[in-house]
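Chemist: Okay, handing you the structure first.
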Amino acid sequence: MFSKLSINIICFLLLLKLEVFAQGKEKIPADLYKASTIPDSLKENAESVVRYSYVDIEVKGPGRATLKEHKIVTLLTEKAEEEATFFLHYDKFNTINRADIKVMSADGTVTKKYSKSDMYDRAALDNTTIVSDSRIKFLRHTVSSYPTTLEIITEETLNSFLHLDDWTVVRPRQAVQESIYKIAADSSAKLKYKTYNFAQEPVKSTNQSTVTYIWKLSGIKAPKWEEGALSWRLLPKIAIAPEVFKYDGREGSMSSWQSFGKWIKRLNDELPPLSPTRIAEIKKMTEGLATDKEKAKFLYEYLQKNMRYVSIQLGIGGLKPFAPSFVDQKKYGDCKALSFYMLSLLKAVDIPSYYTVIRAGENEDFTDPDFVIDRANHIILCIPFKNDTTWLECTSNTQPFGRLGTSTENRYALLIKDDGGELVRTPDSRKEDNRFDSESTIRLHPTGAAEGKIKVHAKGEYRDMYLYVSSLKKDDQKTFLIRNLNIKQPDIFDLSHGEDKDGIKEVSFDLEYSKFSDMAAGDKFFYRPVLLDIWSATFPELKNRKTDFYFSHPLIKTNTTTIEVPENFEVGSLPGKVSLKFSHGSYESDFAYDKTSNKITGTSKFELDHHIIPATGYTEMQQFMEEVSKSLKKKLVLKKKV
């Protein structure tokens, strides 16, 4: 794919020259510090240009490596200002030896210098991490004018690692003039690699027990970003991992998913089980329940009611759970601890389950079945009921039993079994699981004023959205929902949160308008015939799209609207019936007038069957969305009776 982005890939055969680079004696041409020497071909679609990048990694053995990087990047516009912010992570396993940054004007004159001692140093904490021995060195340089060139030189020592960071050749809206990646590894580490979105083999050499790989790429234009695309499906990168690793003194193998799972299993086996007294209490709690599934649901809800999620990253805590007794006593834990605690609860009542390693995040980078590497950032639980595999998200206090959500659906996950790891697929997202169903009533007045009522039943991702909304301040709730549902700005807006039961969240709105009609012409009044839009997104025309388009999830949205017509008015015209389809969804709407009751009833339904639209189907999808948008602009016309 990436060859289509005009990469000019050159095999770099001058190994002697690269050895000089590795020794830190490289001579950088002065022109690379001057913005005026950037080739015009690299400025197209670019917010920044990497003038020169050299990454030099030496893997000395399992769990031991040094990393050196020398980078020169020119920021062309203020849209690239985030590249003047620097983060370096370290902990007891990893040391930052050097961090030097130079800032240069457009002509290459040095205007500012920073070193490691100038960087802020703080704990790696966020809103959910309450304690961590990981730390961050941080620096933000304020760019006063563009173009500005930055030269960054860093050196790090790693004393424990499972894999090395991917080499991402180019980033969104960034061009690369020259980039070199060299990795030399002792044969005991059994280094392996895999390229994604480009197919360039490295120059390989062997010297005694050391194997060296070198890639050189040059003249890479900034990829033209397409709306709805994912960076991991577009940008070229190299994944690097040792087959033999050592982390915190614990040796392991990534020769297969099974062998990696064995290593995780050994970590978990170090944890003491719940006490016999506590196990007896758990059995007592569930003794009146007839089936294993009823017991599992009860214990999951017990977890949700009594435990809360926090992140704790101490020592090997990023990989090893805390003991179930810790969670039982403290009433909190991270994803590892809560999932292992849930596993322990189930084990107490003789229900088997699997601790499950996964990479979470909506449309997140995939796990490659053919390349074993630890990309995981989350733990969930799998219960292998006969003919009914059940998945549990143990960090959520609100998720229904057996539902994962878009963060962990549609991907591979690693089950940790007694004999090691087994890679399996989590469930696909289904439109039936993400529903937004609404009922609206509009009472119109002869003056053009109106009162409206909306009642929403939200399921799946829409339920999650309204649970999030309920946590906001009242004014922020109003602002969010008016924008999200495209509600005409009311004079009065009252929101009430109804019950949240069986995975369905109820929300009600009361609206008042001093003027609801959009316009009047003589005896005719023109109205928007709904209080909310069940869909409003449109997308730009794009010929010859290169990448698939990703929505958040498949979905179903419906609305039924009842309009009470004023007594001295009659219907002039109704919006026409609409029925639209494309390969991955449909939309329909219809309005009918009942003269006896003097009421109009409108119904609409939008369905997105699949959330991934192939690049070849983009134009069809884009045209479908345009037609939906046009249909939503049609007006209801009422006129005064003569």
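Chemist: So, in the range 619-642, how many residues would count as being among the polar types (S, T, N, Q) and either in a strand (DSSP E or B) or open to solvent by less than 30 Å² (accessible area, probe 1.4 Å) (or both)? First the steps, then the outcome.
Modeler: Keep residues of the range 619-642 that are among the polar types (S, T, N, Q), which gives 619, 622-623, 629, 631.
When the remaining residues are screened for being either in a strand (DSSP E or B) or open to solvent by less than 30 Å² (accessible area, probe 1.4 Å) (or both), the result is 622, 629, 631.
Summing the residues that are among the polar types (S, T, N, Q) and either in a strand (DSSP E or B) or open to solvent by less than 30 Å² (accessible area, probe 1.4 Å) (or both) in the range 619-642 gives 3.
Chemist: Of (1) touching a Pro at 6+ places or on another chain (Cβ under 9 Å); (2) under 25 Å from residue 601 (Cα atoms), residue 463 satisfies all except one. Which?
Modeler: In the conditions (1) touching a Pro at 6+ places or on another chain (Cβ under 9 Å); (2) under 25 Å from residue 601 (Cα atoms), residue 463 misses (2) alone.
Chemist: Related question: Output the number of residues of the range 267-285 satisfying the condition of being free of Cβ contacts under 8 Å to residues at least 60 places away in the same chain, more than 19 Å from residue 161 (Cα to Cα) and in a helix (DSSP H, G or I).
Modeler: Qualifying residue count for the region: 7.
Chemist: Still on this structure, I have one more. So, in the range 170-179, of the ones that are touching a Leu at 6+ places or on another chain (Cβ under 8 Å) and open to solvent by less than 10 Å² (accessible area, probe 1.4 Å), which residue ends up farthest from residue 192 (Cα to Cα)?
Modeler: Per the criteria, the residue is 175.
Chemist: Please go through (1) under 21 Å from residue 293 (Cα atoms); (2) in contact with a Lys or Arg (Cβ under 8 Å, 6 or more places away or on another chain); (3) touching a residue at least 60 places away in the same chain (Cβ under 8 Å) for residue 353 and return the number of the only condition it doesn't satisfy.
Modeler: That leaves (3) as the condition not met.
Chemist: Is the range 272-284 home to any residue that is within 32 Å of the chain's Cα centre (by Cα) and open to solvent by less than 40 Å² (accessible area, probe 1.4 Å)? Even if it seems obvious, please write down each step before you answer.
Modeler: We begin by selecting, within the range 272-284, every residue within 32 Å of the chain's Cα centre (by Cα); these are none.
Checking the range 272-284: not a single residue is within 32 Å of the chain's Cα centre (by Cα) and open to solvent by less than 40 Å² (accessible area, probe 1.4 Å).
Chemist: Next question. Residues in the range 251-269: is at least one of a type outside the set (A, V, I, L, M, F, W, C), surrounded by fewer than 21 Cβ atoms within 10 Å (Cβ to Cβ) and under 23 Å from the mean Cα position of the chain (by Cα)?
Modeler: Keep residues of the range 251-269 that are of a type outside the set (A, V, I, L, M, F, W, C), which gives 251-253, 255-256, 258-259, 261-262, 265-266, 268-269.
Right, trim to surrounded by fewer than 21 Cβ atoms within 10 Å (Cβ to Cβ) and you get 251, 253, 255-256, 258-259, 262, 265-266, 268-269.
When the remaining residues are screened for being under 23 Å from the mean Cα position of the chain (by Cα), the result is none.
Checking the range 251-269: not a single residue is of a type outside the set (A, V, I, L, M, F, W, C), surrounded by fewer than 21 Cβ atoms within 10 Å (Cβ to Cβ) and under 23 Å from the mean Cα position of the chain (by Cα).
Chemist: Could I ask something else about it? Name the pairs whose Cβ atoms lie under 6 Å apart, with the first residue in the range 45-57 and in contact (Cβ under 8 Å) with a residue 12 or more places away in the chain, the second assigned to a strand (DSSP E or B) and among the acidic types (Asp, Glu), and 6 or more positions between them or separate chains?
Modeler: Pairs that qualify, where the first residue is in contact (Cβ under 8 Å) with a residue 12 or more places away in the chain and the partner is assigned to a strand (DSSP E or B) and among the acidic types (Asp, Glu), are 52/178; 55/69.
Chemist: Could you grab me the full set of residues in the range 403-451 that are more than 25 Å from residue 378 (Cβ to Cβ), out of contact with any Asp or Glu (no Cβ under 8 Å at 6 or more places or on another chain) and of a type in the set (Lys, Arg)?
Modeler: Result: 435, single match.
Chemist: Also: I need every pair where a residue in the range 172-188 that is free of Cβ contacts under 8 Å to residues at least 40 places away in the same chain and charged (D, E, K, R) has its Cβ under 7 Å from the Cβ of a residue that is in a strand (DSSP E or B) and open to solvent by 10 Å² or more (accessible area, probe 1.4 Å), sequence separation at least 6 or different chains.
Modeler: From the range 172-188, no pairs qualify.
Rundown of residues vs (1) over 19 Å from residue 530 (Cβ atoms); (2) polar (S, T, N, Q); (3) at pLDDT 95 or above, yes/no style:
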site: 432; (1), (2), (3): yes, no, yes
site: 435; (1), (2), (3): no, no, yes
site: 440; (1), (2), (3): no, yes, yes
site: 448; (1), (2), (3): no, no, no
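Chemist: Of the conditions (1) of a type in the set (Phe, Trp, Tyr); (2) closer than 23 Å to residue 509 by Cα; (3) out of contact with any helix residue (DSSP H, G or I) (no Cβ under 8 Å at 6 or more places or on another chain), residue 412 clears all except one; give me its number.
Modeler: For residue 412, the exception is condition (2).
Chemist: Can you give me the number of residues within the range 288-310 that are touching a Lys or Arg at 6+ places or on another chain (Cβ under 9 Å) and either assigned to a loop (DSSP other than H, G, I, E, B) or open to solvent by less than 60 Å² (accessible area, probe 1.4 Å) (or both)? Explain how you work it out, then say what you get.
Modeler: At the first step, the residues of the range 288-310 found to be touching a Lys or Arg at 6+ places or on another chain (Cβ under 9 Å) are 289, 306-308.
Narrowing the set further to residues that are either assigned to a loop (DSSP other than H, G, I, E, B) or open to solvent by less than 60 Å² (accessible area, probe 1.4 Å) (or both) leaves 289, 307.
Residues that pass the stated criteria total 2.
Chemist: Continuing with the same structure: If I filter the range 469-485 down to residues being open to solvent by 70 Å² or more (accessible area, probe 1.4 Å) and either in a strand (DSSP E or B) or not charged (D, E, K, R) (or both), which single residue comes out as nearest to residue 639 (Cα to Cα)?
Modeler: We begin by selecting, within the range 469-485, every residue open to solvent by 70 Å² or more (accessible area, probe 1.4 Å); these are 471, 473-476, 479, 483.
Now restrict to residues that are either in a strand (DSSP E or B) or not charged (D, E, K, R) (or both): 471, 479.
On the way: 471: 43, 479: 33 Å.
Result: 479.
Chemist: So the check is Cβ under 8 Å with 6+ separation or different chains; which pairs have a first residue in the range 472-484 that's under 18 Å from residue 462 (Cβ atoms) and a second one that's among the small types (Gly, Ala, Ser) and at pLDDT below 95?
Modeler: Every condition considered, the pairs that remain are 477/470.
Chemist: Hey, could you check the range 260-294 for residues that are in contact with a strand residue (DSSP E or B) (Cβ under 6 Å, 6 or more places away or on another chain) and among the hydrophobic types (A, V, I, L, M, F, W, C) and say which is farthest from residue 387 (Cα to Cα)?
Modeler: Going through the qualifying residues, I end up with 263.
Chemist: Quick one: in the range 52-81, which of the residues that are open to solvent by 30 Å² or more (accessible area, probe 1.4 Å) and part of a strand (DSSP E or B) is nearest to residue 252 (Cα to Cα)?
Modeler: We begin by selecting, within the range 52-81, every residue open to solvent by 30 Å² or more (accessible area, probe 1.4 Å); these are 58, 60, 62, 64, 67-69, 71, 76-79, 81.
Adding the requirement that they be part of a strand (DSSP E or B) leaves 58, 60, 64, 67-69, 71.
Values: 58: 20, 60: 16, 64: 14, 67: 22, 68: 26, 69: 28, 71: 33 Å.
This residue is 64.
Chemist: Of all residues in the range 82-105, which are assigned to a strand (DSSP E or B), aromatic (Phe, Trp, Tyr) and either in contact with a Pro (Cβ under 7 Å, 6 or more places away or on another chain) or crowded, with 16+ Cβ neighbours inside 10 Å (or both)? Can you show your working first?
Modeler: Step one: list which residues in the range 82-105 are assigned to a strand (DSSP E or B), which gives 85-91, 94-104.
Applying the additional criterion that residues be aromatic (Phe, Trp, Tyr) yields 86-87, 90.
Correct list: 86, 90.
Each row is one residue, and each column tells you yes or no for (1) more than 24 Å from residue 504 (Cα to Cα); (2) touching a Leu at 6+ places or on another chain (Cβ under 7 Å); (3) surrounded by fewer than 19 Cβ atoms within 10 Å (Cβ to Cβ).
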{"position": "321", "(1), (2), (3)": "yes, yes, no"}
{"position": "329", "(1), (2), (3)": "yes, no, yes"}
{"position": "347", "(1), (2), (3)": "yes, no, yes"}
{"position": "360", "(1), (2), (3)": "no, no, no"}
{"position": "373", "(1), (2), (3)": "yes, no, no"}
{"position": "379", "(1), (2), (3)": "yes, no, no"}
{"position": "397", "(1), (2), (3)": "no, no, yes"}
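Chemist: Look at residue 616 and say whether it is among the polar types (S, T, N, Q) and surrounded by fewer than 16 Cβ atoms within 10 Å (Cβ to Cβ). Working first, answer last.
Modeler: On the way: among the polar types (S, T, N, Q): yes; surrounded by fewer than 16 Cβ atoms within 10 Å (Cβ to Cβ): yes.
It is true that residue 616 is among the polar types (S, T, N, Q) and surrounded by fewer than 16 Cβ atoms within 10 Å (Cβ to Cβ).
Chemist: With the condition kept exactly as written, say whether any residue in the range 606-619 is in contact with a Lys or Arg (Cβ under 7 Å, 6 or more places away or on another chain) and of a type in the set (D, E, K, R).
Modeler: Restricting attention to the range 606-619, the residues satisfying the condition of being in contact with a Lys or Arg (Cβ under 7 Å, 6 or more places away or on another chain) are 606-609, 615, 618.
In the following step, the residues that additionally are of a type in the set (D, E, K, R) were identified as 607, 609.
Taking every residue of the range 606-619 in turn, at least one turns out to be in contact with a Lys or Arg (Cβ under 7 Å, 6 or more places away or on another chain) and of a type in the set (D, E, K, R).
Chemist: Looking at the range 381-394, is at least one residue open to solvent by 40 Å² or more (accessible area, probe 1.4 Å), farther than 30 Å from residue 234 by Cα, without any contact (Cβ under 8 Å) to a residue 12 or more places away in the chain and part of a loop (DSSP other than H, G, I, E, B)?
Modeler: Within the range 381-394, the first condition is being open to solvent by 40 Å² or more (accessible area, probe 1.4 Å), and the residues that meet it are 384, 386-389.
From what's left, farther than 30 Å from residue 234 by Cα: 384, 386-389.
Pick out the ones that are also without any contact (Cβ under 8 Å) to a residue 12 or more places away in the chain and you get 386-387, 389.
From what is left, the residues that are part of a loop (DSSP other than H, G, I, E, B) are 386-387.
The answer is yes, given that some residue of the range 381-394 is open to solvent by 40 Å² or more (accessible area, probe 1.4 Å), farther than 30 Å from residue 234 by Cα, without any contact (Cβ under 8 Å) to a residue 12 or more places away in the chain and part of a loop (DSSP other than H, G, I, E, B).
Matching residues to (1) in contact (Cβ under 8 Å) with a residue 12 or more places away in the chain; (2) among the polar types (S, T, N, Q):
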{"position": "208", "(1), (2)": "no, yes"}
{"position": "212", "(1), (2)": "yes, yes"}
{"position": "220", "(1), (2)": "yes, no"}
{"position": "224", "(1), (2)": "yes, no"}
{"position": "231", "(1), (2)": "yes, yes"}
{"position": "235", "(1), (2)": "yes, no"}
{"position": "248", "(1), (2)": "yes, no"}
{"position": "265", "(1), (2)": "yes, no"}
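Chemist: Given (1) of a type outside the set (Ser, Thr, Tyr); (2) without any contact (Cβ under 8 Å) to a residue 40 or more places away in the chain; (3) surrounded by 14 or more Cβ atoms within 10 Å (Cβ to Cβ), where does residue 204 come up short, assuming only one miss?
Modeler: (3) is the only condition that residue 204 fails.
Chemist: If you check every pair at least six apart or on different chains, which have Cβ atoms under 6 Å apart with a residue in the range 447-471 that is more than 25 Å from residue 399 (Cβ to Cβ) first and a residue that is among the acidic types (Asp, Glu) and open to solvent by 10 Å² or more (accessible area, probe 1.4 Å) second?
Modeler: 451/512; 453/510
The values are calculated or read from the model by the stated rules, or taken from the named source; none is laboratory data. Bear in mind the structure is a predicted one, so any value in this text is a computation, not a measurement. All Cβ positions, glycine included, derive from the backbone under ideal geometry; neighbour counts span all protein chains shown. Ligands, DNA and RNA are stripped out before the accessible areas are found, and what is left, the full protein with its side chains, is counted by its heavy atoms. Shrake-Rupley method; radii C 1.70, N 1.55, O 1.52, S 1.80 Å.
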